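J.: This is the structure I want to talk about, given as structure tokens.
The values are calculated or read from the model by the stated rules, or taken from the named source; none is laboratory data. Since we're looking at a predicted model, the values are computed, not measured. Here the Cβ positions follow ideal geometry from the backbone for every residue, glycine too, while neighbour counts run over all protein chains shown. Quick note on the areas: whole protein, heavy atoms, side chains included, nothing else; ligands and nucleic acids left out. Shrake-Rupley method; radii C 1.70, N 1.55, O 1.52, S 1.80 Å.
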Amino acid sequence: MKKTVLFLLCSINLFAYRVENTKDREITIYPNKVVVNESLQLKDDGENNRITYEGVSKNIDISSINLIGGDLRGVELEKNADSNSILKSYLGKIIQAEKDGRTYELVLLDYGENLVGKDTKTGEIYILNNPDLKLSNAHIKIENKLVMDVGKLDKKINISYITRGLNLNISHRLDIDKMNLETWGKIYNNMGKDLKDTEVKIISELSTSRAYGMKSAMADSISIDESNDKIEYKLKDKLDLKKNSEKNIKLETKKVSLAEKYVYWTREYSKNPTRIVEIKNIGKTTIPGGRIYVWDDKKYVGDSNVGFIPGGEKYDLKLNKSFNVVVEKKIKSSHSLGNNLIKKEIEIEIRNTGKEKIDLEINYDQLPEVWTKLRSQEKYEKISNRIVRFKLDVDKNSKKKIIFSYIEEKK
């Protein structure tokens, strides 16, 4: 009997480990999530059938955890128990809580699974899951512990999961003189832990259905997606980024084709037209959406939002007003023709004090509801019943006039 019991005890696989460190960590940053893959280096801690992983990201989605090299039978996320004992004395008092880059000043109402507080300025109630805390000017460090119930453990074990907290902002710098477009990614680490020696991929995607192939100059391979507009960047260097800090990374530089025009609408209060830069993507790589900052002759000339621009497509960038160009309009004459008919003559004067010839688009959007017989020496295009468009070239340091007339029918 003793031999049988001994045999059974020896045949039971008892193990317990804690994660001593990680290696080969790779993260993929999507617009609204982060996918983490890493190898775990374990150390025996003497307890049964579990792995503890301390200091995991505060934003981890435990339902997304996938374990390779072990049979994951259960998982839970434990918070630092000391935080509850500290918070107990702050009930009804003002605290600061930071979550996803935003700081809240709250009257503490409850704590535990979630922190509940009332905003001191707006009175709004916030329910926050595991924020960073500042109590009486002292930061409280709250570390999460992942406890995994595991069977059939191999020597090599990898884990993957979904989390949040790596905020990505893509922007561009356009140099008009060089026709160069630089694409930059700003990464802000709000995961609640430092990132060390980490391989990074950045995925920028658009949820509109459209299919084509794309390749980044710094990506390893062409990425094709039949359901989303998507471009992938793989950083050449591994990333070190402390928590609550940010880093700007140049993703690529490419040539583009540019065309410029100036657009004016006569109902506008300003006398200056808006500068429009049409950017054409002459490469095979899709230009991802983001804020674009435009420089001309080493001077900042404006910024705009830019959408996804696949290879061969164009996008209009609406920049600042041009103070070198002045447009003035007036009613030159107005007289009755009888039978509720009025003939009006309009004069629009353009002055270009700049050093370059420009393409100017004048949109006259002040036509009456009922009109007829528009006459003009300049060619025009009827855009709608109440808008006509004139397109002209205006030489540098010059003036130009548009004079046209129409007959308005009064109801």
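J.: Cβ under 14 Å from I94's Cβ, I94 left aside: what net charge do those residues give with Lys, Arg +1 and Asp, Glu -1?
T.: Taking every other residue near I94 into account, the sum is +2.
J.: Given R₀ = 41 Å, what would the calculated FRET efficiency be for K271 paired with D177, taking r from the Cβ atoms and rounding to 0.05?
T.: Working from the Cβ atoms, E equals 0.90.
J.: Given a Förster distance of 25 angstrom, what is the FRET efficiency for K243 paired with K23, based on the Cβ-Cβ distance and rounded to 0.05?
T.: That gives a FRET efficiency of 0.80.
J.: Could you give log10 I(q)/I(0) at q = 0.08, 0.14, 0.15, 0.17 Å⁻¹ for the stretch 247-386, computed by the Debye formula over C-alpha point scatterers of equal weight, without solvent?
T.: The calculated log intensity ratios at q = 0.08, 0.14, 0.15, 0.17 Å⁻¹ are -0.34, -0.82, -0.89, -1.04.
J.: Compute the angle between helix 2-11 and the longest alpha-carbon principal axis of the chain, please, reported from 0 to 90 degrees and rounded to the nearest 10.
T.: 20 degrees
J.: Hey, could you get me the Stokes-Einstein D for the stretch 16-70, Kirkwood radius over alpha-carbon pairs, 25 °C and 0.890 mPa s, rounded to whole µm² s⁻¹?
T.: Here the translational diffusion coefficient equals 194 µm²/s.
J.: At 7 Å along Cα-to-Cβ for each site, give me the label-to-label distance between I403 and F323 in nm.
T.: 3.2 nm
J.: Something else about it: Using only the alpha carbon atoms of the stretch 250-298, find the Kirkwood hydrodynamic radius as the inverse mean reciprocal pair distance, in angstroms to one decimal.
T.: The answer is 13.6 Å.
J.: Can you list the residues of the stretch 237-274 with backbone N under 11 Å from a point 7 Å past the Cα of I68, pointing along Cα to Cβ?
T.: Counting backbone N atoms under 11 Å from the label point, the list is empty.
J.: So what is the relative contact order for the stretch 272-314, in percent, with contacts set as C-alpha pairs under 8 Å and at least six apart?
T.: 48 percent
J.: Sticking with this one: Starting from the alpha-carbon convex hull of the stretch 103-194, give the projected area averaged over all orientations, in nm².
T.: About 12.1 nm², averaged over all directions.
J.: Pop a pseudo-label 7 angstrom from the Cα along the beta-carbon direction at both R291 and K236 and give the gap in nm to one decimal.
T.: The answer from the label model is 2.8 nm.
J.: Could you report the accessible area of K134 in Å², rounded to 10, computed with a 1.4 Å probe on the protein chains as they sit in the structure?
T.: For K134, solvent-accessible area is about 60 Å².
J.: Another question, if that's okay. Would you please calculate the Kirkwood hydrodynamic radius of the stretch 340-394 over all C-alpha pairs and express it in Å, rounded to one decimal?
T.: That comes to 13.0 Å for the stretch 340-394.
J.: Give me the number: length gained by fully extending Q366 to I387, i.e. 0.36 nm times residue separation minus the C-alpha to C-alpha distance, one decimal in nm.
T.: Here the segment from Q366 to I387 would lengthen by 6.9 nm.
J.: What span do the alpha-carbon atoms of the chain cover on each of the three principal axes, reported in whole Å from largest to smallest?
T.: Computed over the Cα atoms, the extents are 121, 54, 41 Å.
J.: Can you list, largest first and rounded to whole Å, the semi-axes you get for the stretch 311-407 by taking the square root of 5 times each eigenvalue of its Cα gyration tensor?
T.: Computed over the stretch 311-407, the values are 29, 18, 11 Å.
J.: Return the loop-located GluC sites (Glu not before Pro) in the stretch 90-167 (DSSP other than H, G, I, E, B) with at most 13 other Cβ atoms within 10 Å of their own Cβ; answer none if there are none.
T.: In loop regions of the stretch 90-167 (DSSP not H, G, I, E or B), the sparsely surrounded GluC sites (Glu not before Pro) are E113, E124.
J.: Okay, moving on. Quick one: pull the percent of accessible area on the stretch 301-364 belonging to carbon and sulfur, 1.4 Å probe, ligands and nucleic acids left out.
T.: 44 percent
J.: Separate question: Calculate the spin-label point distance for K186 paired with L337, positioning each point 7 Å from the Cα along the beta-carbon direction, and give it in nanometres.
T.: 5.8 nm
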